Amino acid sequence: MENTKEEIKAGKMLPVMETFYTIQGEGVHTGSAAYFIRLGGCDVGCVWCDVKDSWDAGKWPITSIHEIVTAALEYPGRLVVITGGEPLMYNLEPLTALLHEYGFKIHIETSGVYPVTGDFDWICFSPKKFKNPHPDIYSFADELKVVIYHKSDFDFAEQHAQKVKDSCKKLLQPEWSKRGIMTEQIINYVKSFPNWKISLQTHKFMDIP
């Protein structure tokens, strides 16, 4: 057990909730074939989270990074998306190094509350009101994707937009249960502030896992 804890700390083994090959449904890379690696464990606590089962890392099998990469190699796509949970709870240096060794492009979806570890080709930063981001994330983020659940989230989005680098893509995404209310507000906002774009959870519209 102690050895396993050390392996997790070193990033050589990770709690994996699920892996699946699908189509990226949201954000800048919508429509791309991607192999998702969902890690277990999160302490951000979003009330509208659609994967609350991921929060308890202890529920999920501890898997070696070699097993993770071997499973990814079974599919033709060479884009991996690491998500959670909150994947940056873990040291992702070893996993990203091994994935790159086998020719994968690596994206990550994170709330940014922990320092960035690992070498990524794209970092999607999705800040949450429930826990403040680590200040380092702003210089790393390639994409700022803010979930709009309430009208106050527009101001929240602008606060973070002021801190990211100029090249960072800025997206507003309606929270799924509020899409009937918030989508029109987002459309009007983006028309007024065209430095933003709209992200939709297209995989849910198309019923893609």
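A short reminder: the numbers here are calculations on the coordinates, not readings from a lab. Values in this document were obtained by computation on a predicted structure and should not be read as measured data. Please note: Cβ atoms are built from the backbone with ideal geometry, for glycine as well, and neighbour counts cover all protein chains shown.
Some notes on this structure:
- Hits in the range 149-180 (condition: among the charged types (D, E, K, R) and under 16 Å from the mean Cα position of the chain (by Cα)): Lys169, Lys170, Glu175
- Subset of the range 43-69 [crowded, with 19+ Cβ neighbours inside 10 Å, in contact with a Gly (Cβ under 9 Å, 6 or more places away or on another chain) and closer than 20 Å to Lys204 by Cβ]: Ser54
- Within the range 1-24, residues that are on the phi < 0 side of the Ramachandran plot and in contact (Cβ under 8 Å) with a residue 12 or more places away in the chain have Cβ atoms under 8 Å from residues that are surrounded by fewer than 17 Cβ atoms within 10 Å (Cβ to Cβ) and of a type in the set (Asp, Glu) in these pairs: Met13/Glu7; Met17/Asp53, counting only partners at least 6 apart in sequence or on another chain.
- Counting only strands (runs of 3 or more DSSP E) that fall entirely inside the range 81-148 and contain at least 1 residues that are closer than 17 Å to Glu26 by Cα, more than 11 Å from the chain's Cα centre (by Cα) and of a type outside the set (Lys, Arg), the qualifying elements are 105-110, 143-148.
- Residues of the range 24-54 satisfying the condition of being over 14 Å from the mean Cα position of the chain (by Cα), among the hydrophobic types (A, V, I, L, M, F, W, C) and under 28 Å from His150 (Cα atoms): Val47, Trp48
- Filtered by the rule that a residue be assigned to a helix (DSSP H, G or I) and crowded, with 21+ Cβ neighbours inside 10 Å, the range 158-182 gives a lone residue, Met182.
- Scanning the range 114-151 for residues that are touching a residue at least 60 places away in the same chain (Cβ under 8 Å) and exposed (fewer than 15 other Cβ atoms within 10 Å of the Cβ) yields a single hit, Phe130.
- Restricted to the range 183-196, and to residues there that are in a loop (DSSP other than H, G, I, E, B) and in contact (Cβ under 8 Å) with a residue 24 or more places away in the chain, the residue that is nearest to Tyr149 (Cα to Cα) is Trp196.
- Residues satisfying the stated conditions in the range 151-177, i.e. under 25 Å from Met206 (Cα atoms) and of a type outside the set (Lys, Arg): Leu171, Leu172, Gln173, Pro174, Glu175, Trp176, Ser177
- Counted residues, the range 79-113 - those being surrounded by 21 or more Cβ atoms within 10 Å (Cβ to Cβ), among the hydroxyl-bearing types (Ser, Thr, Tyr) and free of Cβ contacts under 8 Å to residues at least 40 places away in the same chain: 2
- Taken together, the criteria place Glu74 among residues that are assigned to a loop (DSSP other than H, G, I, E, B), free of Cβ contacts under 8 Å to residues at least 60 places away in the same chain, farther than 18 Å from Ile208 by Cα and out of contact with any helix residue (DSSP H, G or I) (no Cβ under 6 Å at 6 or more places or on another chain).
- Within the range 70-87, being of a type in the set (D, E, K, R) and out of contact with any Gly (no Cβ under 8 Å at 6 or more places or on another chain) holds for one residue alone: Glu74.
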